[in-house]
Structure formats: structure tokens, C-alpha cells
1. Inside the range 41-63, can you point out the residues that are farther than 18 Å from Ala227 by Cα and in contact (Cβ under 8 Å) with a residue 24 or more places away in the chain?
2. Considering only the range 185-212, state which residues are among the β-branched types (Val, Ile, Thr) and at pLDDT 95 or above.
3. Return the total of residues in the range 248-265 being in contact with a helix residue (DSSP H, G or I) (Cβ under 9 Å, 6 or more places away or on another chain), of a type outside the set (A, V, I, L, M, F, W, C) and not in a loop (DSSP other than H, G, I, E, B).
4. Could you please find all residues in the range 34-63 being over 12 Å from the mean Cα position of the chain (by Cα), surrounded by 17 or more Cβ atoms within 10 Å (Cβ to Cβ) and under 21 Å from Pro281 (Cα atoms)?
5. Which residues, taken from the range 149-202, are in a loop (DSSP other than H, G, I, E, B) and either on the phi > 0 side of the Ramachandran plot or of a type in the set (A, V, I, L, M) (or both)?
6. Does the range 228-242 contain any residue that is surrounded by 14 or more Cβ atoms within 10 Å (Cβ to Cβ), modelled with pLDDT of 95 or more and part of a helix (DSSP H, G or I)?
7. Counting only residues that are loosely packed, with under 15 Cβ neighbours inside 10 Å and not hydrophobic (A, V, I, L, M, F, W, C), which one in the range 189-212 is farthest from Cys130 (Cα to Cα)?
8. Tell me whether the range 70-90 contains one or more residues that are farther than 21 Å from Pro234 by Cβ, part of a loop (DSSP other than H, G, I, E, B), without any contact (Cβ under 8 Å) to a residue 60 or more places away in the chain and within 16 Å of the chain's Cα centre (by Cα).
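The values are calculated or read from the model by the stated rules, or taken from the named source; none is laboratory data. Predicted model only: the values in this text are computed from it and were never measured. As a convention, Cβ positions derive from the backbone with ideal geometry for all residues, glycine included, and neighbour counts pool all protein chains shown.
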Amino acid sequence: MEQRELSHAELDALAREFRYVVTDAICRSGSGHLGGVMSLVEIVISLYFQVMNVRPEEPEWPERDRLVLSKGHAGPIVYMALAYKGFFPKAWLATINANGTRLPSHMDQILTPGVEITAGSLGQGLSCACGLALAAKLDGRTHRVFCIIGDGESDEGQIWEAALFAGHRRLDNLIAICDYNKMQIDGRTAEIVDLEPLADKWRAFGWEVFEMNGHDWDAIRTTIAAAAAVTGKPAMILAHTIKGKGNRESEGLVDCHNIKVPDQATYDRYMCGLECKLELPY
């Protein structure tokens, strides 16, 4: 599918709408992982609207690029991209996290068109992405596999098992992106389990490593392009992001990892924190 070039103004408008709609959807469900959703807005928009080759009308197209969301609790931001690309009606977004929904908090490949891998316990997705990348090579296919992991998730041993495997198998069709917002459910990553020097760790496992501002359109585009040009090894992009970005009630706050919205007053507070008023698509 040919991607239309979007201006910065169009991208900014899309990001603003994504943040508005996903905040409404999470709040109306009563709870959800707002912080890690908001930190990924620009990255997910860039992937689906600027980088990845996909066909919404043909979700199982064999030559499509794949995205594995290993930090599965950020599923709602991927749902936003899938809905706005046309994989399913935008009206579904009103049911995020609700009982009986086809858009559960952690993504389900059986329930949702466009979802590649069901997200379960954190740490598993990178292994799945390695399998998809290796299968593509064995089949002689040229599509790419993208995998988004979390920094808190990087405490999991399975992440590093997958990192070792990908480096050993020289999976240069695999691009991983770490949502490095420096926070996890229990606090700041530097205080829970310090990941630094994170770039050196990935290099030691045989990866080419890049770093970028995960909220800057140009930085995202050029860094992903550089990662895609790497040969002979997988690429890791450390995306420096801000948890809860774009909402004054969540931006930079550890407590926004999983918010509770028990009443109308709390809903109003989070919606007012966006400092804009937009039409909802449902």
C-alpha cells in the first residue's frame, strides 16, 4: 500500500485526535494503561501512516510488514491506528477494555483484524517477533518485522534470550523499538532495576543501536530509515519518550501507568487535561 506523505501539521492533528479519542475510550471503560499509550502516539502513527506496508482491506496479505506490540497493555494506541487505517470501524473504539469487546486491553489476534500476535505476559513479544523475522527469511520474503518493547518490560529475562537469538541469527529484517519513558508500574526504572548502559547492552548482544526523540516526527522517520538500512544484524531503537505525554493529568507521572476512572468528575479531569475539545468518531 502506497503511503501518502503527511505534513507535520497533518501528523500533529492526527496525534492530537489519537490522544483525545484514546483518553475518552480508556476513561469511559473505567480504567486503563493511559501512560504507556500516550508515550507511543507519535511512534505508532509514524509506523502505520509513514513506514509500514499494510493493506487494511487484506489484513493477512503475505507481504505485509508486521508489528508486534510486546508491551501489550498499550494495545489501545495500536487500535487507534488500525481503526483510522480502516482495518475495522472507528465505532469499535468506544468499546476498548469493555466486557465483550473485540478490543481488549491486551491485544488478541483472534478478536481484532490487523493484530499480529496476542499479547500476554510482558517479555514474550520479542521472541514472537524473532520467530516472524526468521520465518520471513526462510520463506525468502522481504517484509520487515517491527517490535515495540517497554523499558520496564526489559527487566524480563525472556527479552534478553530473544535479543541473544536475534543477534546470533543476524535477523536484519527485525527492528525493535524500546519505549524508553524511564517509568514502570512500580516507579522509575532507574530505581527499580537500572537498565543503563542500555545501548551498550544491546550492542553486546549483536544489535545495531540507534537513539531518538520518540515524539519528533523527523527523528522518528530518519531513525527508522537508518535502522531499515542495517544489514547483517537486527536493529534496536531506543526511543526517548515521556510517559502520559499530551495530558497534563498524566504527563511525566508514574501514577498514570494504570489509571482508575470511578466517576464523572475523574473523567472530566482527564479530558480537560488534554486542553482541547474534539469530535469523537463514535
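1. So the first thing to find is which residues in the range 41-63 are farther than 18 Å from Ala227 by Cα, and the list is 41, 54-63.
Of everything in the range 41-63, those that are farther than 18 Å from Ala227 by Cα and in contact (Cβ under 8 Å) with a residue 24 or more places away in the chain turn out to be Val41, Val54, Arg55, Pro56, Glu57, Pro59, Pro62, Glu63.
2. The first filter runs over the range 185-212 and keeps only residues among the β-branched types (Val, Ile, Thr), leaving 185, 189, 192-193, 209.
Listed by number, the residues that qualify are Thr189, Ile192, Val193, Val209.
3. Count: 2.
4. Leu34, Phe49, Pro56
5. At the first step, the residues of the range 149-202 found to be in a loop (DSSP other than H, G, I, E, B) are 151-152, 156, 169-173, 181-182, 185-186, 193-197.
The answer is Arg170, Leu171, Lys182, Ile185, Val193, Leu195.
6. To start, the set of residues in the range 228-242 that are surrounded by 14 or more Cβ atoms within 10 Å (Cβ to Cβ) comprises 228, 230, 233-242.
Still in the list and also modelled with pLDDT of 95 or more: 228, 230, 233-242.
Narrowing the set further to residues that are part of a helix (DSSP H, G or I) leaves 228.
Yes, some residue in the range 228-242 is surrounded by 14 or more Cβ atoms within 10 Å (Cβ to Cβ), modelled with pLDDT of 95 or more and part of a helix (DSSP H, G or I).
7. Among those that are loosely packed, with under 15 Cβ neighbours inside 10 Å and not hydrophobic (A, V, I, L, M, F, W, C), it is Glu191.
8. no
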